1. Determine, yes or no, whether GLY135 is in contact with a Lys or Arg (Cβ under 8 Å, 6 or more places away or on another chain), small (Gly, Ala, Ser) and assigned to a loop (DSSP other than H, G, I, E, B).
2. Would a scan of region 166-189 turn up a residue that is open to solvent by 40 Å² or more (accessible area, probe 1.4 Å), under 18 Å from the mean Cα position of the chain (by Cα) and closer than 30 Å to ARG74 by Cβ?
3. I need a count of the residues in region 165-180 that are free of Cβ contacts under 8 Å to residues at least 12 places away in the same chain and either in contact with a His (Cβ under 8 Å, 6 or more places away or on another chain) or not in a loop (DSSP other than H, G, I, E, B) (or both).
4. Taking ALA96 as meeting all but one of (1) closer than 19 Å to HIS190 by Cα; (2) hydrophobic (A, V, I, L, M, F, W, C); (3) at pLDDT below 95, write down the number of the exception.
5. Test each condition in (1) in contact (Cβ under 8 Å) with a residue 12 or more places away in the chain; (2) open to solvent by less than 50 Å² (accessible area, probe 1.4 Å); (3) out of contact with any helix residue (DSSP H, G or I) (no Cβ under 6 Å at 6 or more places or on another chain); (4) farther than 20 Å from HIS150 by Cβ for VAL101 and report the one that comes out false.
6. Does ARG74 count as among the basic types (Lys, Arg) and either over 20 Å from the mean Cα position of the chain (by Cα) or under 23 Å from LYS189 (Cα atoms) (or both)?
7. Residues in region 151-164: is at least one out of contact with any Asp or Glu (no Cβ under 6 Å at 6 or more places or on another chain), at pLDDT 95 or above and assigned to a helix (DSSP H, G or I)?
8. Which of the following residues is open to solvent by 30 Å² or more (accessible area, probe 1.4 Å), in contact with a helix residue (DSSP H, G or I) (Cβ under 7 Å, 6 or more places away or on another chain) and of a type outside the set (D, E, K, R): VAL14, VAL61?
Amino acid sequence: ADAEGEHPWFPGIVLLGLARGASLGGPPHWLEAARRVARKRIEEHRGGRPVPDHWTIQGLVALHRASPDPELLRAALSMADAFLDGQIDAAGLSEAQRDYVGGFIVPEDLPRTLRAASRCEALGAAVTAARELGGDGARHEAGLAAAAAHVQAGLFGPNDGWYVPEPDRLRGAMRLGLVDEHVRIDGNKHAARCLLRALEARDGPPPRGE
């Protein structure tokens with residue numbers, strides 16, 4: 001929680017939930033509440049507050065779909081740019097350090113696969129925003145692909161997990177980080193959605209019903 005006792009991700013989660021609910025026919029006050037949250041998050045971003053959360057970026061794009069407003073898409077792209085400014089590329093890294101390419105640097109923490117997965121979801125939303133605005137989304141697409149590759153490399157495969165009693169049960173699960181072997185259900189969810197976002201950006205969304 002921040003100094004005011006509010007979890008930094010809570011407003012973004014609320015925004016995304018309200019926007020999607022409004023799109024599905026929810027009552028009008030859901031849409032108005034989503035607009036209020038969006039305005040606040042955009043003001044905070046423009047005022048130099050810390051890098052926004054991945055939920056807010058997705059929420060802004062979802063709100064645009066519920067109630068079209070290009071300013072929401074532009075704000076989502078600006079927030080995604082703040083993510084990309086901290087994404088790790090291969091320049092100047094040793095061979096061992098290159099395992100972190102596609103991950104994200106934050107103060108006082110290692111690059112974590114979980115963070116890459118959640119930000120990957122947001123970059124998928126940013127790619128959608130760039131395309132709907134008719135602009136050049138190449139930077140966001142490249143960032144999304146790099147984050148997805150980093151996440152995929154963090155999944156347990158057939159040659160991993162030899163040190164646990166039932167390694168086959170680990171297959172496809174996501175480590176929380178390159179030096180953190182913990183597996184959490186939310187991490188697996190973020191990984192799945194990250195990889196789906198990358199596939200959709202490359203190939204387009206699947207046919208309805210699939």
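The values are calculated or read from the model by the stated rules, or taken from the named source; none is laboratory data. Remember, it's a predicted structure, so these values are computed and weren't measured experimentally. Cβ coordinates were reconstructed from backbone atoms using ideal geometry, including for glycine residues, and neighbour counts include every protein chain displayed. Areas reflect the complete protein model, heavy atoms only, side chains present, ligands, DNA and RNA absent. Shrake-Rupley method; radii C 1.70, N 1.55, O 1.52, S 1.80 Å.
1. Details: in contact with a Lys or Arg (Cβ under 8 Å, 6 or more places away or on another chain): no; small (Gly, Ala, Ser): yes; assigned to a loop (DSSP other than H, G, I, E, B): yes.
Answer is no for this residue.
2. Yes, region 166-189 contains at least one residue that is open to solvent by 40 Å² or more (accessible area, probe 1.4 Å), under 18 Å from the mean Cα position of the chain (by Cα) and closer than 30 Å to ARG74 by Cβ.
3. Within region 165-180, the subset free of Cβ contacts under 8 Å to residues at least 12 places away in the same chain is 165-169.
In the following step, the residues that additionally are either in contact with a His (Cβ under 8 Å, 6 or more places away or on another chain) or not in a loop (DSSP other than H, G, I, E, B) (or both) were identified as 167-169.
Of the residues in region 165-180, 3 are free of Cβ contacts under 8 Å to residues at least 12 places away in the same chain and either in contact with a His (Cβ under 8 Å, 6 or more places away or on another chain) or not in a loop (DSSP other than H, G, I, E, B) (or both).
4. (1)
5. (4)
6. Details: among the basic types (Lys, Arg): yes; either over 20 Å from the mean Cα position of the chain (by Cα) or under 23 Å from LYS189 (Cα atoms) (or both): no.
Spelling it out, it is not the case that ARG74 is among the basic types (Lys, Arg) and either over 20 Å from the mean Cα position of the chain (by Cα) or under 23 Å from LYS189 (Cα atoms) (or both).
7. yes
8. Details: VAL61 fails: open to solvent by 30 Å² or more (accessible area, probe 1.4 Å).
Just one listed residue meets the conditions, VAL14.
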